[in-house]
Number of protein chains: 4
Amino acid sequence: MADIVVGVVGAGRIGKLHINNMRNMANVRVKMVSDVFADHLGEWFETSGVEEITKNYEDIINDPEINVVMICSPTNTHIEIIKAAAAAGKNIFCEKPISFSDEETLEAYEAVKKAGVKFQIGFNRRFDRNFSKVRRLVETKEIGDLHILKVTSRDPEPPSLEYIPTSGGLFMDMAIHDFDIVRYISGSEVEEVYVQGASLVNPEIGKLGDIDTAIVSLKFANGAMGVIDNSRQAVYGYDQRIEAFGSNGAATAQNELESTVEVSSKDGVKGDNPLHFFLERYNDAYIKETSEFFDAIRNDKEVSCSFRDGIMAQRIAAAANESLETGVPVKVKLVD
Amino acid sequence: MADIVVGVVGAGRIGKLHINNMRNMANVRVKMVSDVFADHLGEWFETSGVEEITKNYEDIINDPEINVVMICSPTNTHIEIIKAAAAAGKNIFCEKPISFSDEETLEAYEAVKKAGVKFQIGFNRRFDRNFSKVRRLVETKEIGDLHILKVTSRDPEPPSLEYIPTSGGLFMDMAIHDFDIVRYISGSEVEEVYVQGASLVNPEIGKLGDIDTAIVSLKFANGAMGVIDNSRQAVYGYDQRIEAFGSNGAATAQNELESTVEVSSKDGVKGDNPLHFFLERYNDAYIKETSEFFDAIRNDKEVSCSFRDGIMAQRIAAAANESLETGVPVKVKLVD
Amino acid sequence: MADIVVGVVGAGRIGKLHINNMRNMANVRVKMVSDVFADHLGEWFETSGVEEITKNYEDIINDPEINVVMICSPTNTHIEIIKAAAAAGKNIFCEKPISFSDEETLEAYEAVKKAGVKFQIGFNRRFDRNFSKVRRLVETKEIGDLHILKVTSRDPEPPSLEYIPTSGGLFMDMAIHDFDIVRYISGSEVEEVYVQGASLVNPEIGKLGDIDTAIVSLKFANGAMGVIDNSRQAVYGYDQRIEAFGSNGAATAQNELESTVEVSSKDGVKGDNPLHFFLERYNDAYIKETSEFFDAIRNDKEVSCSFRDGIMAQRIAAAANESLETGVPVKVKLVD
Amino acid sequence: MADIVVGVVGAGRIGKLHINNMRNMANVRVKMVSDVFADHLGEWFETSGVEEITKNYEDIINDPEINVVMICSPTNTHIEIIKAAAAAGKNIFCEKPISFSDEETLEAYEAVKKAGVKFQIGFNRRFDRNFSKVRRLVETKEIGDLHILKVTSRDPEPPSLEYIPTSGGLFMDMAIHDFDIVRYISGSEVEEVYVQGASLVNPEIGKLGDIDTAIVSLKFANGAMGVIDNSRQAVYGYDQRIEAFGSNGAATAQNELESTVEVSSKDGVKGDNPLHFFLERYNDAYIKETSEFFDAIRNDKEVSCSFRDGIMAQRIAAAANESLETGVPVKVKLVD
């Protein structure tokens, strides 16, 4: 009965999350998962509800039943898998970023366009109930013309130092979500970025050539201005807020909290922390992004986050990196 | 592989909700659903994931594979089904209230005790993340000794006038959840109640002999005092708050909102309404109550809401009804 | 130039507060203050801005320049002073309660009516910006018809045990403000009260025949119902909230806080406590009540809190005391 | 008895505010006010409590009794008056900015230093209870090391178009307060600024060569980074918030609201707007800044906002103007 038959490439944290979410979706079957460490995944696989496991992603590409390839493997494998999946006529869901190379990304983009398959990039935050409400309020001009867009985006803890060198850096790895969300909320391209960055959380991160704290100043094509502040470590939890300020008012998405309970004592009135990290905060959004992708396939609709959206966020990240190096504002190149 | 095999009696709103939740539980199989209107449920049944449908709940009782009977049928059918299920050695989950008759309830209680089966009553709010956190704060004395317990419990809209006469009245139908939650939060029995009640929302409700607005004053065995206020209609949504005040402070569970977005305009700063009604607000709690029941069966643990809890809440409701009639405080009889 | 010339009887905490507030009012002159302990008030008097000090309140009554007598002495002296001031044609501002005796209060009421002087009772909370906004929202029916009125009124700490025996008890001393505010907010008389009370904060208070914790259930003449909860000790500060719930929504006055600063840490998000006690919370309201009284005198307008309001609050307190003793609801007698 | 005898230069909005506040201060006498439009101020003067009025500020300088000159006249008059007052040995309180010219400001600074008089600049926000609490939390490292400092500073409405050309521009006129507050909160100098600015509120402001919307990115000497966003028009009121984020958490000063009342209706839960503008929001801060200045004079203490603080804020504003023109980050010159 299932009309969506999925093969998942990569069974890391995010791959497992998607697999778990898809179990409960009507008419969706996760037929195969591939992972180079498949040998160590036996226990998890047993109860995963997935039918087959393989070390080789090509088994997925070559399975004629599979019509969706979900790419959750490390970034440096994306291009090859996208091209193979596109060539095989599979629809593709790919986690961010597509790649660290603009040139290779454009090649994959051409391959996908040529194949005519559906492609969605994993910008899950667009599907968050709070952020999509802010988007609606901007789009309908309930807050008037957008003047200032502010994004606070702080992780509860930095990744392992081991991960840093392959991460692509704070802008490509973490802030890329914010670069997408400002395009989504504003409905406008980012024209120019200026950044400040430093390793204030952990100097070891600096020694590895990365930063952990940043402020990104943005100019939008529609005349609005924006600012993102990032930290790899907010000790109080995952801080994810957006404020859209316009000629008729402001719309602010506050954090989602662990509970609504407030405790009053001699020391003050204490509320709960924000939900700890992305798995907790964005679980509903992950479900929604996948469901909408499947819906786009079934009904031949446009996807909500396109390949082009993926490229543009990467280009903003690249411009941010350049601004960090040069100390001056940098223009962002548009994709045709 | 499923060790929990469920038969659901009654496929109304709440029965369907439980069925939908159980689909996604590991090792749980919903084998059969019974409903006197089974003939009209074909379309729903098709996609429900349930294996069989019947008009006759006895088919569930007689199925040797089924080890859990979940009773979601109208209150006046509960006693008969509980007795039959207990006699057949099935574990029982029963929606509230058990019955409108104290005598019949006690008979069913004896039958369940004699059969030695697990029985859980559907007081879902105990499983709400916010309320259970308030309970913990009271239990651990983080707020000191409990002095005052306040429950705000208002529905977004009254039930149909048709339903009113069979509902058991506001106290037995709606406030019974609040009578349970105050026992849960306080960890104490309610000794006496005094109520004010009136039909302020809709006089038609009054003509049918019921009320739609009430304030219930409570004396607890441990010396604390409490108050519940109920309305059948809060136009801004399902208002479900608890405040526990004690010698070292207070713990307050605020409402869960539709989103965290706040809109600032000339007219003020507007936040979202509370989640509309119980299906939205307590969905996680419904899942948790069922999961914990299955866990109690699997590991032979005590259930979180016992038969006795069901009886005590009903007795508080009965005392509330008597206080409404007589205009004076009424003692609550304990179950041995 | 001053057209309001005041004599203040009693230089305790509240008398000094009023004197300090009046210093900054245009065309108001505090000519004299009387206090039986005048001998010990020298230092304060020096910088008080008051012109004369005396041990004998009659010096105030006999001063022809003084046209306002402000009574801030202990409750048991009020009747005598009111009668004397009225007989001398002085306008009178009197702190609550007027007296502990209904009979004597009525005599003083007659004396004031006969003299035709202005009389205002010190129910300062009517002048709080938050509570008066709630009143407006009820009065204009922005929340529809009032169904439920809830008042939370908790002091940060109990008075000294020494004071308890002369206080008149929790209802006459402390809750009397709440009895007034429910009449003010609802715009309706209270017809009946039922109370629960106990000494949960300090058993010594119980030994002195008083209570420190109470829940008061109220029936209003207009059909609405209400509840007040009182405690002599909220460790987190002066808890002063009102919630008016009606057919079209609710209006809630939250606490005023020490600051708007929130601190996020591993342990949660902590806001400040409510302003500590009445001097901090209601200072603006104290200024406003006095200013409006002087305005009523100058322009021969009706006062905002009349003698009758004082009597009615006392009668609710008396009914509450009776309910505490008898354990049943008690009707409140109206003043003609 | 007054040991502080004040002459106020300029009886505009801010001069009148200070005069009104000083009326209620013990041992403070406002002896004279000068204003070039003195002829039109008769009615106000009558009830102002000031003893004398003059058209000529030199009358203040020449009055031997006056020991404090408070400068509230237009910016382009400040230098001359400061020099005259310093030469006459008067202590000086001066509204911001000192002047639009760095050179002239330094000359006045020398004159003040040479005269050895006390000088305080009118950065009232340092005295706001919320901001000073945030400062304390940063200073005591309760939030750990400061990483990011965010200031939201939006006026409820732009000044008249007439005022714009003499205002000094958004940075010198409005954001100068924010430039000071970030130095105060961080306890660090600003080393570099990068700005975006545009006239989004009203293009007429742009035609006059000014902007009405800006984002200012800041580098601090202590390694922290900061961002200020400014708008001349937040339709919901004066938006004045600060967020200090550090290695152990964050401290956020929220807006002060018109009341604490929340109204729940079908349309959501609506709170009040921020206090309208600076007169409402910062009234307590204005009183405190003046009182502390008088205290510094009386007890020969350091003032809380020094001449140097005034110069530094002006230099940041100048750097911001340069960044706006050049489109690149600009270093801020330190005062020795």
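Answer yes if at least one residue in region D:68-81 is surrounded by 18 or more Cβ atoms within 10 Å (Cβ to Cβ), more than 25 Å from D:M172 (Cβ to Cβ) and at pLDDT 95 or above, and no otherwise. Outline the logic, then answer.
Looking only at region D:68-81, we keep the residues that are surrounded by 18 or more Cβ atoms within 10 Å (Cβ to Cβ), and these are D:68-73, D:75, D:78-79, D:81.
Now narrow it down to the ones that are more than 25 Å from D:M172 (Cβ to Cβ): D:68.
This time we only want the ones that are at pLDDT 95 or above, so: D:68.
Scanning region D:68-81 turns up at least one residue that is surrounded by 18 or more Cβ atoms within 10 Å (Cβ to Cβ), more than 25 Å from D:M172 (Cβ to Cβ) and at pLDDT 95 or above.
Yes or no, residue by residue, for (1) among the charged types (D, E, K, R); (2) surrounded by fewer than 21 Cβ atoms within 10 Å (Cβ to Cβ):
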residue	(1), (2)
B:A86	no, no
B:K90	yes, no
B:G116	no, yes
B:R126	yes, no
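Filter region D:317-333 down to the residues that are within 18 Å of D:V227 (Cβ to Cβ) and assigned to a loop (DSSP other than H, G, I, E, B), then identify the one that is most open to solvent (accessible area, probe 1.4 Å). Among residues in region D:317-333 that are within 18 Å of D:V227 (Cβ to Cβ) and assigned to a loop (DSSP other than H, G, I, E, B), the one most open to solvent (accessible area, probe 1.4 Å) is D:V328.
Under the condition of being within 14 Å of another protein chain (Cβ to nearest Cβ) and surrounded by fewer than 21 Cβ atoms within 10 Å (Cβ to Cβ), which residue from region A:4-27 is modelled with the lowest pLDDT? Among them, the one singled out is A:N24. In region C:237-259, the residues that are facing chain D (nearest Cβ under 9 Å) and under 18 Å from B:V201 (Cα atoms) form Cβ pairs under 6 Å with partners that are among the small types (G, A, S) and surrounded by 24 or more Cβ atoms within 10 Å (Cβ to Cβ), at six or more places apart or across chains, as follows: C:G249/D:S264; C:A250/D:S264; C:A251/C:A244.
Could you identify the single residue in C:N76, C:N24, C:N91, C:N20 that is over 19 Å from C:T290 (Cβ atoms) and of a type in the set (S, T, N, Q)?
Numbers: C:N24 fails: over 19 Å from C:T290 (Cβ atoms); C:N91 fails: over 19 Å from C:T290 (Cβ atoms); C:N20 fails: over 19 Å from C:T290 (Cβ atoms).
None of the others qualify; the one that does is C:N76.
State which residue is surrounded by the most Cβ atoms within 10 Å (Cβ to Cβ) when the search covers only region B:221-278 and only residues that are of a type in the set (D, E) and part of a strand (DSSP E or B). Among those residues, the one meeting the criterion is B:D229. The residue of region C:310-336 that is nearest to the chain's Cα centre (by Cα), among those that are among the acidic types (D, E) and assigned by TED's automatic domain parsing to the domain that holds C:E189, is C:E322. As a summary of the residue check, C:D178 satisfies the conditions (1) in a helix (DSSP H, G or I); (2) without any contact (Cβ under 8 Å) to a residue 40 or more places away in the chain except for the one numbered (2). Applying the condition of being open to solvent by 40 Å² or more (accessible area, probe 1.4 Å) and aromatic (F, W, Y) to region A:148-204 and asking which residue is farthest from A:F220 (Cα to Cα) yields A:Y163.
Out of the residues in region D:51-70 that are part of a loop (DSSP other than H, G, I, E, B) and touching a residue at least 60 places away in the same chain (Cβ under 8 Å), state the one that is farthest from the chain's Cα centre (by Cα).
Keep residues of region D:51-70 that are part of a loop (DSSP other than H, G, I, E, B), which gives D:51, D:55-56, D:62-67.
If we keep only those that are touching a residue at least 60 places away in the same chain (Cβ under 8 Å) too, we end up with D:65-67.
Values: D:E65: 28, D:I66: 24, D:N67: 23 Å.
Selected residue: D:E65.
In this entry, D:D212 passes the filter for residues that are farther than 26 Å from D:K133 by Cβ, crowded, with 24+ Cβ neighbours inside 10 Å and not assigned by TED's automatic domain parsing to the domain that holds D:T75. For the residues B:S73, B:S48, the requirement of being in a loop (DSSP other than H, G, I, E, B) and within 22 Å of the chain's Cα centre (by Cα) singles out B:S73.
Tallying residues that are more than 18 Å from D:A84 (Cα to Cα), out of contact with any Lys or Arg (no Cβ under 8 Å at 6 or more places or on another chain) and either polar (S, T, N, Q) or assigned to a strand (DSSP E or B) (or both) within region D:4-30 yields 5.
Mind checking which residues of region C:53-67 are open to solvent by 80 Å² or more (accessible area, probe 1.4 Å), more than 30 Å from C:P165 (Cβ to Cβ) and of a type in the set (D, E, K, R)?
So in region C:53-67, the residues open to solvent by 80 Å² or more (accessible area, probe 1.4 Å) come out as C:55, C:58, C:62, C:64-65.
Then drop every residue that is not more than 30 Å from C:P165 (Cβ to Cβ), which leaves C:62, C:64-65.
The answer is C:E65, and nothing else.
Filtering region A:78-100 to residues that are in a helix (DSSP H, G or I) and either in contact with a Lys or Arg (Cβ under 8 Å, 6 or more places away or on another chain) or in contact (Cβ under 8 Å) with a residue 60 or more places away in the chain (or both) leaves A:I81, A:A86.
For region C:192-220, give me the residue count where each residue is in a loop (DSSP other than H, G, I, E, B), more than 21 Å from the chain's Cα centre (by Cα) and aliphatic (A, V, I, L, M). Quick ask: steps written out before the conclusion?
Initially, region C:192-220 is screened for residues in a loop (DSSP other than H, G, I, E, B), giving C:199-202, C:208-212.
Still in the running and more than 21 Å from the chain's Cα centre (by Cα): C:199-202, C:208-209.
Those still in the list that are aliphatic (A, V, I, L, M) too: C:200-201, C:208.
Total satisfying the criteria: 3.
Report, by residue number, each residue of region D:174-223 that is on the phi > 0 side of the Ramachandran plot and within 13 Å of chain A (Cβ to nearest Cβ). Scanning region D:174-223 gives a single hit, D:G223.
Go through (1) among the charged types (D, E, K, R); (2) assigned by TED's automatic domain parsing to the domain that holds D:M32; (3) open to solvent by less than 60 Å² (accessible area, probe 1.4 Å) and name the single condition D:R135 misses. D:R135 satisfies all of (1) among the charged types (D, E, K, R); (2) assigned by TED's automatic domain parsing to the domain that holds D:M32; (3) open to solvent by less than 60 Å² (accessible area, probe 1.4 Å) except (2).
Out of curiosity, is B:I164 among the hydrophobic types (A, V, I, L, M, F, W, C) and farther than 22 Å from C:V227 by Cα? Spelling it out, B:I164 is indeed among the hydrophobic types (A, V, I, L, M, F, W, C) and farther than 22 Å from C:V227 by Cα.
So, in region A:299-313, how many residues would count as being open to solvent by less than 50 Å² (accessible area, probe 1.4 Å) and either under 16 Å from A:A175 (Cβ atoms) or of a type outside the set (S, T, Y) (or both)? Explain how you work it out, then say what you get.
Within region A:299-313, the subset open to solvent by less than 50 Å² (accessible area, probe 1.4 Å) is A:303-307, A:309-313.
Now restrict to residues that are either under 16 Å from A:A175 (Cβ atoms) or of a type outside the set (S, T, Y) (or both): A:303, A:305, A:307, A:309-313.
The qualifying residues number 8.
Within region D:28-46, track down each residue that is among the β-branched types (V, I, T) and open to solvent by 70 Å² or more (accessible area, probe 1.4 Å). Steps first, please.
Going through region D:28-46, the residues among the β-branched types (V, I, T) turn out to be D:28, D:30, D:33, D:36.
Listed by number, the list holds a single entry, D:V36.
Each residue in region D:212-240 was checked for being in contact with a helix residue (DSSP H, G or I) (Cβ under 7 Å, 6 or more places away or on another chain) and closer than 19 Å to D:R315 by Cβ, and 9 of them qualify.
Are any residues in region A:101-150 among the polar types (S, T, N, Q) and part of a helix (DSSP H, G or I), and if so, which ones? The answer is A:T105, A:N124, A:N130, A:S132. Of all residues in region A:269-284, at least one satisfies being in contact with a strand residue (DSSP E or B) (Cβ under 9 Å, 6 or more places away or on another chain) and without any contact (Cβ under 8 Å) to a residue 12 or more places away in the chain.
Table: residues versus (1) of a type outside the set (G, A, S); (2) open to solvent by 50 Å² or more (accessible area, probe 1.4 Å); (3) part of a strand (DSSP E or B).
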| position | (1), (2), (3) |
| --- | --- |
| D:A285 | no, no, no |
| D:K288 | yes, yes, no |
| D:F293 | yes, no, no |
| D:I297 | yes, no, no |
| D:R315 | yes, no, no |
| D:V335 | yes, no, no |
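The values are calculated or read from the model by the stated rules, or taken from the named source; none is laboratory data. Not measured: the values here are computed from a predicted model. Please note: Cβ atoms are built from the backbone with ideal geometry, for glycine as well, and neighbour counts cover all protein chains shown. Protein only, heavy atoms only, side chains kept; ligands, DNA and RNA dropped before computing areas. Shrake-Rupley method; radii C 1.70, N 1.55, O 1.52, S 1.80 Å.
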